[in-house]
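Notes to accompany the following structure.
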Amino acid sequence: MIRREDFEAELLEVFRGLIRIDTSNPPGNEVAAARYVKGILEREGIPARVFESTPGRGSVVARLKGDGSRAPLLLLSHLDVVPVEVERWSVDPFSAVLKDGYVWGRGTLDIKNMGAMEILALILAKRKGLKLKRDIILAATADEEAGGTYGIRWLIDNHFEEIKAEYAINEGGLGIVESGRKAIFCQCAEKGICWIKMTIKGEGGHGSLPSPGNPVILAGQVISRIAEHTFPVAKIPITEKLLTGAEKLGLLPEGTKAADIFGSGKGYRSNGSRIGKRINAWLRHTATPTLVSGGTKVNVIPMEVQVSVDCRILPGTEPEEMLEVVKGLVGLPDVEYEILQRKPGSESSMDTELWGVLEDCLKEVEPKAAFLPYLSTGGTDSGFLREKGVVCYGFDPTLVSWEDWDTVHGIDEKISVGNMVNGTMMLFKVVQKFCT
């Protein structure tokens, strides 16, 4: 048994130290954070190594050894964060200011909070002398926010034995508090990625001579067609359990029933609500135009315009299939296509020992919280590990409002001290129950 006074001050010190290291990606500079974590663990007698895939891009891996009678558990997080618009924040995003019971800063919810919880869970396991049957591996990686090329993908290609495990606990889940109701959405699947760049060619010339072949006009038409397209609703077991559970908790928009959502075909709309836009993305493939570039001068019609589209695909669909759908929506002959990034969706079974342990440990710390499966609309490092046969769950034991979740990749990101403490207790209980 652990008490919050055993670790709270130390947890906050470790966490705030991580936040103060600016690992905005690009450029990353995660090696500074990796060395920071290595130093903390080695002072506890836990061996750790920093792996630098390229100068400045560092990941840290540590291992607390068990007796080897069972396969390892991997505690995974990432060190990089997305860039910030400093002028829009009410605090310095890298000061880790402690205010009103919250730690404020970039990465406090994505996902240095989980990194600090995992570090303390590992340290507490060592201090308590747990008789481990499984090795506990901790990995905090570089470059997750840009696709993992210099982080998890490089580790898998070059040092997979260092992180090879039967199970992994990672980011990707959600913990929600809504009108007093609590739920942990445990990620057991994630959508795939197909980022497409289109080069739309047309008739260039002088800006004073309008032309229907103007590629800027053609690009606008293409963007409208993609944005207005609604993919059919797909009923898959994970989203069925997710939405049925959310309905029972009263988390769906007022008057909405899970059965009606699945029966709506293409009809369901997000209606602008925070939960509604997530439901829309859980139900179907999505294609979102995000970047447009072209032209050199206001009085010159360019010869070509580039449009990039962020496509997210449900597990079971290949990125190339999505590309064919986009081509059909574009409907123009003189267009070049390039897949900038491809990653199939992935899924882990819910019928495992660890799934049950996660649910049990949640109940011990948050007895009134529901435990629901979750399909992540964004990608995580778990997708690459699932390809290697690792069972991965996104179990982020943080309970916040939808409004707070929307600060992820936004402004004034923050997390309460209570969340950090309860999350650490949950993860320690998981380690204790699953690994001994």
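Only the coordinates and a few stated rules stand behind these numbers; no lab work does. Not measured: the values here are computed from a predicted model. Note: ideal-geometry Cβ built from the backbone for every residue, glycine included; neighbour counts use all protein chains shown.
Here is how the numbers come out for the structure above:
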{"item": "FRET efficiency, E178 to V298 (Cβ-Cβ, R0 45 Å, nearest 0.05)", "result": "0.40"}
{"item": "Vicinal HN-Hα couplings computed from phi for the stretch 50-56 (Karplus, 6.51 cos²θ - 1.76 cosθ + 1.60; Hz; Gly/Pro x)", "result": "9, 10, 9, 6, 7, x, x"}
{"item": "Cysteines having no other Cys beta carbon under 4.7 Å from their own, within the chain", "result": "C186, C188, C361, C392, C435"}
{"item": "Gap separating the Cα centres of the stretch 364-436 and the stretch 24-44, nearest whole Å", "result": "21 Å"}
{"item": "Within the chain, helix-based [θ] at 222 nm, where runs of 4 or more DSSP H residues each add -39,500 (n - 2.57), nearest 500", "result": "-10500 deg cm²/dmol"}
{"item": "Listed residues F262, A219, V330: farthest to the positive end of the dipole of the chain (Cβ charges)", "result": "F262"}
{"item": "Prolate/oblate/rounded label for the stretch 192-343 (Cα gyration tensor, a/c 1.5)", "result": "prolate"}
{"item": "Net lengthening on full extension, S224/R269 (0.36 nm per residue, minus Cα-Cα)", "result": "14.5 nm"}
{"item": "Gain on full stretching of the segment that runs from L291 to E13 - 0.36 nm per residue minus C-alpha separation", "result": "96.1 nm"}
{"item": "Using alpha-carbon coordinates, inclination of helix 237-249 to the longest axis of the chain, degrees", "result": "70 degrees"}
{"item": "Residue pairs, from the table K201/K297; K99/K191; K235/K257, whose Cα atoms sit over 24 Å apart", "result": "K99/K191"}
{"item": "Gain on full stretching of the segment that runs from W402 to L332 - 0.36 nm per residue minus C-alpha separation", "result": "21.2 nm"}
{"item": "Total charge dipole magnitude, the chain, about the Cα centre, Cβ charges on Lys, Arg, Asp, Glu only, Debye to nearest 20", "result": "780 debye"}
{"item": "Ranked packing of 118-125, 315-322, most packed first, by mean Cβ within 10 Å", "result": "118-125, 315-322"}
{"item": "Label point distance in nm, D157-A259, each placed 7 Å from Cα along Cα→Cβ", "result": "5.1 nm"}
{"item": "Selected from V335, V298, V60 as most flexible by GNM, with the chain as the system and alpha-carbon contacts under 10 Å", "result": "V298"}
{"item": "The chain, relative contact order in percent, only Cα pairs under 8 angstrom and at least six apart counted", "result": "24 percent"}
{"item": "Cα centroid separation, the stretch 272-339 to the stretch 152-182 (Å)", "result": "28 Å"}
{"item": "Residue among L375, L12, L329 with the largest mean-square fluctuation in a Gaussian network model of the chain, springs linking Cα atoms under 10 Å", "result": "L329"}
{"item": "Shape category assigned to the chain from the gyration tensor of Cα positions, a/c cut at 1.5", "result": "prolate"}
{"item": "Antiparallel %, DSSP beta bridges [both residues in the chain], to 5", "result": "70 percent"}
{"item": "D92 paired with K277, simple spin-label distance in nm, labels 7 Å along Cα-to-beta-carbon", "result": "3.1 nm"}
{"item": "Cα-based helix-to-principal-axis angle, 215-228 vs the chain, degrees rounded to 10", "result": "50 degrees"}
{"item": "The chain: angle of helix 319-330 to the longest principal axis, Cα-based, in degrees nearest 10", "result": "30 degrees"}
{"item": "Unit charges on C-beta of K, R, D, E only; dipole of the stretch 192-343, Debye", "result": "600 debye"}
